[in-house]
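Undergrad: Below is a structure I'd like to ask you about.
Coordinate-derived values only; no laboratory data. Please read these numbers as outputs of a predicted model, since none were measured by experiment. Don't worry about glycine lacking a Cβ; one is built from the backbone with ideal geometry, like all the others, and counts go over all protein chains shown.
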Amino acid sequence: MRPNFRRFRFKHLQTSITVLVEDENSYEKVVKNVLEARAQVERAIAKEPLFYSSLEPLPEELWPKQEVPRRMCEASKLAGVGPMAAVAGGIAQYAVERFEGRVVIDNGGDIVMRCDRLIAGIFPSELGVKLEFDREKVYSVCTSSGRYGHSISFGDCDAAVILAEDGFVADSFATALGNEIKPSYGAKEIEEALRHFWRRAKRYIDGAVVLKDGYVGVAGEVKLVKANFDERLITR
């Protein structure tokens with residue numbers, strides 16, 4: 001049965017999320033999980049400043065013991081980026097895993113869901129990623145951009161999108177992919193960068209999409225569809 005989702009917005013300091021759940025009580029439970037995850041990250045930053053500032057994976061001896069920051073370190077090591085690259089997708093992943101029910105969390109463009117279908121629009125375009133499963137499952141679609149949002153990116157693309165079963169991993173690899181797409185790249189260079197990226201990333205993710213100046217590159221298992229959506233619904 002298709003869930004009768006209601007849309008809620010929540011903002012706390014740098015965290016700005018949209019939550020789709022069936023009722024307000026469920027929303028409050030999700031927010032509690034989000035705040036718990038964020039508190040773990042804040043404690044890790046207070047104990048080890050490099051956890052926040054490093055743009056490369058931390059040495060394992062510096063990894064925090066608490067679950068969320070530790071999983072951020074694990075995912076960032078796989079992708080070759082700093083731990084904070086996984087923060088938005090990781091917080092969403094943690095919150096969804098600890099909620100018993102159907103839910104979608106959009107944490108500033110990093111989406112983690114537990115449901116059987118979803119079309120996630122890709123800004124700025126009229127495209128969306130269509131997800132359909134035989135059963136409800138936890139899944140993630142995370143995005144990085146060198147042109148939109150406040151995340152650090154050393155690349156220049158409209159969107160680098162990663163599909164994976166884990167939000168920590170998807171968010172880290174979205175940053176890694178975005179870093180690969182340089183300002184001078186045209187279609188040929190993007191295709192080569194995406195092929196190179198996919199060879200090393202396909203063990204950990206299901207698919208990748210790059211949007212830059214009207215070009216769309218795809219690797220792996222991705223179903224793109226036409227998706228007209230209201231930009232006012234974007235979590236900024």
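Undergrad: Using modelled amide H (1.01 Å from N, peptide plane; none on Pro or chain starts), what sits under 5 Å from the amide H of Lys223, excluding residues fewer than 5 places away?
TA: Those lying under 5 Å, H to H, from Lys223 are Lys130.
Undergrad: Under 8 Å for C-alpha pairs, at least 6 residues apart: give me the relative contact order for the chain, rounded to a whole percent. Can you show the working numbers first?
TA: Working: 507 pairs, mean separation 39.1, N = 236.
RCO, the chain: 17 percent.
Undergrad: Run the dipole for region 6-233 about the Cα centre, Lys and Arg Cβ at +1, Asp and Glu Cβ at -1, nothing else charged, and hand back the magnitude in debye, nearest 20.
TA: Magnitude of the dipole: close to 60 debye.
Undergrad: Sticking with this structure for a sec: Taking amide H atoms as placed 1.01 Å from N in the peptide plane, list the residues 5 or more away in sequence, or in a different chain, whose amide H sits under 5 Å from that of Gly101.
TA: It is none; the list stays empty.
Undergrad: Report ³J(HN,Hα) in whole Hz for each residue of region 100-117, in order, from the Karplus equation J = 6.51 cos²θ - 1.76 cosθ + 1.60 where θ = phi - 60°; Gly and Pro get x.
TA: My calculation for region 100-117 gives 8, x, 7, 7, 10, 10, 10, 9, x, x, 9, 10, 10, 9, 10, 6, 9, 7 Hz in order.
Undergrad: Right, here's the next one. In nm, to one decimal, how far is the modelled label at Ile119 from the one at Arg43, with both set 7 Å along Cα→Cβ?
TA: With each label placed 7 Å out from Cα toward Cβ, I get 4.3 nm.
Undergrad: Now for a different question. Over what distance in Å are the Cα centres of region 1-50 and region 62-99 separated?
TA: Here the two parts' Cα centres lie 15 Å apart.
Undergrad: Using a Debye calculation, one point per C-alpha and no hydration shell, please list log10 I(q)/I(0) for the chain at q = 0.13 Å⁻¹ in order.
TA: -0.73
Undergrad: Under the classification rounded if a/c is under 1.5, otherwise prolate if a/b is larger than b/c and oblate if not, where does region 1-104 fall, given a ≥ b ≥ c as square roots of the Cα gyration tensor eigenvalues?
TA: prolate
Undergrad: For n ≥ 4 DSSP H runs only, could you compute -39500 (n - 2.57) per run for the chain, divide by its residues and tell me the 222 nm figure to the nearest 500?
TA: Estimated from H runs of four or more residues: -11000 deg cm²/dmol.
Undergrad: Please sort by residue number the chymotrypsin sites (Phe, Trp or Tyr not before Pro) in region 154-224 whose DSSP state is loop and whose Cβ has at most 16 other Cβ atoms within 10 Å. Mind showing how you got there, number by number?
TA: Values: sites: Phe154, Phe168, Phe173, Tyr185, Phe197, Trp198, Tyr204, Tyr215; in loops: Phe154, Tyr185, Tyr204.
The qualifying sites are Phe154.
Undergrad: Students often check this: by mean Cβ neighbours within 10 Å, which of 95-104, 123-132 ranks highest, and how do the rest follow?
TA: In decreasing order of mean packing, 95-104, 123-132 become 95-104, 123-132.
Undergrad: Given R₀ = 41 Å, FRET efficiency for Glu191-Glu136 by Cβ-Cβ distance, to 0.05?
TA: On the way: r = 35 Å, r/R0 = 0.86.
After rounding, the FRET efficiency stands at 0.70.
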